[in-house]
Amino acid sequence: MKSPTILFSITLTALLLFSCNSQSTQNASTNSDSNTSKTDLILYNGTIYTVDQQLPKAEAVAVKNGKITFVGSNSDIQSWIPNAAKVIDLEGKTVFPGFIESHGHLLGMGRQKTRLELSNLKSYEEMVDLVAEAVKTTKKGEWILGRGWHQSKWGKIPSPSVKGFQIHDALSAVSPDNPVYLTHASGHAGFANAQAMKLAGVTSETTFADDGEIMKDEEGNPTGIFVENAMGLISTHIPKSTPETDTKALKAAMEECLRYGVTSFQDAGSEQKDIDLYKQFLTDDQLKIRLYVMLAGWAEDDSLLQRWYAKGPEIGLGDNHLTIRSIKMYSDGALGSRGAWLLNEYSDRPAHFGNSIMKMEAIYNTASNALQNGFQVCTHAIGDKANREVLNQYQKALETHPEAAKNARFRIEHAQHLSLQDIPRFAEMGVIASIQGIHMASDRPWAIDRLGKKRIEEGAYVWQKLLQSGAKVINGTDTPVEPLNPFACFYASVTRQTLAGTPEGGYEADQKMTREQALKTYTLDAAYGSFEENIKGSIEVGKLGDLVVLDKDLMKIPAEEILRTKVLYTIVGGEVAFEEKF
């Protein structure tokens with residue numbers, strides 16, 4: 001007979017071994033799927049970052065009926081392999097939860113594929129040359145459209161210029177018979193040629209005083225630049241999209257998502273016709289990614305919102321492929337066009353503070369109605385004044401409806417430039433900061449000209465200050481403002497550098513994210529931003545089988561290699577939706 005001491009030692013050892021083993025198998029033998037039943041997909045022999053605190057890393061994962069049934073070790077998955085429909089030997093490659101784009105414009109990204117791409121241009125002259133080439137293949141009278149130019153990213157200020165922006169003369173000279181409209185990278189300004197302004201009836205006598213600007217030269221002639229709401233003077237004359245062009249755009253956008261490992265996309269502002277298209281794709285089993293839709297809530301006519309208030313949110317349609325439960329609003333414009341609403345004047349344009357786009361009363365009323373009808377509110381705010389005013393309206397609405405406020409998860413989209421006193425309010429009020437790490441890489445080199453050194457250092461792109469205060473921070477690209485590429489955004493988030501690798505050490509380096517933080521902003525916390533953290537965002541038994549396989553380990557490779565990372569497989573609900581062909 002063994003002594004009590006020996007029995008205790010054996011028992012303790014057994015308990016410890018059982019505890020360690022249970023961590024690695026994650027219910028492999030106790031969930032409803034046993035290893036003798038047929039599994040749809042098995043990935044093994046890899047480095048799997050689960051974003052699950054209980055089991056941060058694993059070697060193998062299995063999916064059945066769209067959900068994860070096993071997360072654990074290579075040894076424990078072996079008995080499952082003979083009965084699996086598809087098995088992928090990862091050969092040491094890296095797996096993450098499917099990336100979640102927290103703020104983008106899906107159809108806008110798809111439509112951009114059919115328009116002139118202007119984001120890589122280095123001068124106004126290059127833009128004129130690109131349009132001149134497009135004229136050669138465009139019928140007389142047809143519109144030429146493009147997006148992505150940014151005067152602050154060009155090597156030099158155009159000459160002549162007005163307020164740092166080019167004038168239309170050179171553009172109009174190469175396109176006399178075609179209306180041309182080129183949207184700024186931010187989406188908050190546009191550039192029209194003479195023919196487009198003629199069609200719109202814009203002359204030297206045209207004025208605009210509704211939260212926008214028609215830029216004019218010293219003689220009062222329009223330069224072709226239209227800022228914020230003034231853009232509508234031109235854009236309302238552009239032919240509307242058709243069901244055929246929208247279908248083509250949606251297909252192109254989904255292909256782009258899958259190519260980059262984006263399995264979920266939070267669409268930042270959709271009209272009813274967009275939602276109808278998404279539902280048709282869902283019915284036809286053609287919706288290849290998961291969509292979380294924000295209703296377009298910025299129009300003075302709120303009939304769209306009223307219809308949705310009457311019927312309430314629609315959650316998890318088509319096996320969690322489509323959810324409509326949020327409202328998007330705009331409080332201000334963009335920094336590049338000097339439309340961001342600031343507490344103090346622009347450093348490079350005295351007496352100019354930017355402007356609001358929606359009245360704050362409208363933001364309060366929508367926030368209040370949303371709380372009463374079960375909807376989340378997401379408001380675009382870039383400048384420090386805009387962020388403060390939106391927080392003020394949120395606070396009033398949340399205090400007016402305390403029960404609904406308990407899990408409201410209101411969001412501020414961008415939250416780029418904050419005053420010190422407003423940074424803690426995000427955590428205090430439970431407001432999510434929906435940021436775009438890539439905006440820092442693109443904008444920071446010239447943003448200091450707009451804001452000055454003090455404002456940049458105290459409150460611009462202050463990710464660590466928000467995180468350390470306890471706020472939820474989620475990440476994305478604002479595509480098509482920036483390319484969808486999550487690796488560029490991840491790189492910017494952890495290095496605080498431009499994509500060219502400057503400056504050494506990064507801008508305001510104390511605000512860098514760790515790689516773990518950056519990954520979480522693109523996965524589990526991004527899922528929290530859409531109330532979906534219980535079904536996606538981490539690799540855990542019972543969650544959706546949305547995975548991405550990469551050729552590099554983002555958590556370990558040198559920073560400069562992050563931008564060269566490739567997606568090998570994108571998996572949605574256990575089905576391979578994209579595979580890199582070599």
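Any read-out appearing in this document is the output of simple, stated calculations on the displayed coordinates, not a laboratory observation. As the structure is a prediction and not an experimental result, all values here were calculated from the model. Reconstructed Cβ throughout: ideal geometry from the backbone, glycine too, with neighbour counts over all protein chains shown.
Size of segment 245-314 along its principal axes in angstrom, Cα-based, largest extent first?
Projected onto the principal axes, the Cα atoms of segment 245-314 cover 37, 23, 22 Å.
Size of the dipole of the chain about the Cα centre, Lys and Arg at +1 and Asp and Glu at -1 on the beta carbon, nothing else charged, in debye to 20?
It comes to approximately 820 debye.
Roughly how far apart, in whole Å, are the Cα centres of segment 51-75 and segment 526-582?
Each part's Cα centre sits 13 Å from the other's.
Suppose the Debye formula is applied to equal point scatterers at every Cα of the chain; what is log10 I(q)/I(0) at q = 0.07, 0.12 Å⁻¹?
Once normalised to I(0) and log-transformed, intensities are -0.44, -1.22.
Among residues other than THR207 whose Cβ falls under 12 Å from its Cβ, what is the net charge (Lys/Arg +1, Asp/Glu -1)?
Computed value for this residue: -2.
Of LEU550, LEU418, how do they rank once you tally other Cβ atoms within 10 Å and put the fewest first?
LEU550, LEU418
Once the Cα atoms of helix 124-136 and of the chain are each reduced to a long axis, what angle between those two axes, in degrees from 0 to 90 to the nearest 10, is obtained?
90
Excluding residues on the same chain fewer than 8 positions from LYS273, give the aspartates and glutamates whose Cα lies under 17 Å from its Cα.
The qualifying aspartates and glutamates are GLU244, ASP246, ASP284, ASP301, ASP302, GLU314.
Please list the non-local residues whose amide H lies under 5 Å from the amide H of PHE578, H modeled 1.01 Å from N, same-chain partners needing a gap of 5 or more.
HN-HN under 5 Å from PHE578: THR570.
Take the Cα atoms of segment 108-235, build their convex hull, and give its volume per residue in Å³.
Per-residue hull volume (Cα only) is 101 Å³.
Please say if segment 79-151 is rounded, prolate or oblate, where rounded means a/c under 1.5 for a ≥ b ≥ c the square roots of the C-alpha gyration tensor eigenvalues, and otherwise the choice is prolate for a/b larger than b/c and oblate otherwise?
Taking the square roots of the gyration eigenvalues as a ≥ b ≥ c, segment 79-151 is prolate.
May I ask for the net charge around VAL462, where only other residues with Cβ less than 10 Å from the Cβ of VAL462 are counted and Lys, Arg are +1 while Asp, Glu are -1?
-3
Rounded to the nearest angstrom and ordered from largest down, what semi-axes does the equivalent ellipsoid of segment 275-344 get from its C-alpha gyration tensor (root of 5λ)?
30, 16, 10
Could you tell me which of PHE281, ILE238, ILE324 has its Cα farthest along the dipole of segment 189-333 towards the positive end, charges placed at Cβ (Lys, Arg +1; Asp, Glu -1), taken about the Cα centre?
PHE281
Among residues other than ILE324 whose Cβ falls under 15 Å from its Cβ, what is the net charge (Lys/Arg +1, Asp/Glu -1)?
+1
So what is the diffusion coefficient of segment 476-582 in µm² per second by Stokes-Einstein at 37 °C and 0.692 mPa s, using a Kirkwood Rh over Cα pairs?
217
Please tell me which of these pairs span more than 27 angstrom C-alpha to C-alpha: LYS472/LYS581; LYS251/LYS536; LYS64/LYS520; LYS198/LYS240; LYS311/LYS385; LYS359/LYS465?
Over 27 Å apart, Cα to Cα: LYS472/LYS581; LYS311/LYS385; LYS359/LYS465.
What are the ³J(HN,Hα) values, in whole Hz, obtained from phi via the Karplus relation 6.51 cos²θ - 1.76 cosθ + 1.60 with θ = phi - 60°, for each residue of segment 234-251 in sequence order, with x given for Gly and Pro?
Once θ is set to phi - 60°, the couplings for segment 234-251 become 9, 4, 5, 9, 6, x, 5, 5, 10, x, 5, 5, 5, 4, 4, 5, 5, 4 Hz.
May I ask for the angle, rounded to the nearest 10°, between helix 486-495 and the longest principal axis of the chain, with both axes built from Cα atoms and the value confined to 0 to 90°?
90
Among DSSP beta bridges lying fully in segment 108-235, give the percent that are antiparallel, nearest 5.
Counting only bridges with both partners in segment 108-235, antiparallel ones make up about 65 percent.
Using only helices, what value at 222 nm comes out for the chain when you add -39,500 (n - 2.57) per DSSP H run of length 4 or more and divide by the total residues, to the nearest 500 deg cm²/dmol?
Counting only the DSSP helices, I get -9500 deg cm²/dmol.
Using +1 at the Cβ of each Lys and Arg and -1 at the Cβ of each Asp and Glu in the chain, identify which of ASN74, ILE562, ALA132 lies farthest towards the dipole's positive end.
Checked the options; the winner is ASN74.
Determine, for LEU499, LEU544, the number of other Cβ atoms within 10 Å of each Cβ, and report the residues in order from fewest to most.
Placing the least packed residue first, the sequence is LEU499, LEU544.
Please identify the GluC sites (Glu not before Pro) of segment 143-240 that satisfy two criteria: DSSP loop assignment and at most 16 other Cβ atoms within 10 Å. Which are they?
Passing both the DSSP loop test and the Cβ count: GLU205, GLU218, GLU219.
Cut-off is 10 Å between beta-carbons; in what order do SER434, SER172, SER303, SER204 appear when sorted fewest neighbours first?
The order, fewest Cβ neighbours first, is SER303, SER204, SER172, SER434.
If you plug each phi of segment 414-431 into the Karplus form 6.51 cos²θ - 1.76 cosθ + 1.60 with θ = phi - 60°, what whole-Hz ³J(HN,Hα) values come out, in order, with x for Gly and Pro?
With the stated coefficients, segment 414-431 comes to 4, 6, 7, 10, 10, 7, 4, 6, 8, 4, x, 5, 4, 5, 4, 9, x, 8 Hz.
Please determine, in degrees from 0 to 90 and to the nearest 10, the orientation of helix 384-400 with respect to the longest principal axis defined by the Cα atoms of the chain, where the helix direction is its Cα long axis.
Result, in degrees: 60.
Stokes-Einstein diffusion coefficient for segment 494-554 at 10 °C in a medium of 1.306 mPa s, Rh from the Kirkwood formula over Cα pairs: what value in µm²/s?
For the chosen part, D equals 118 µm²/s.
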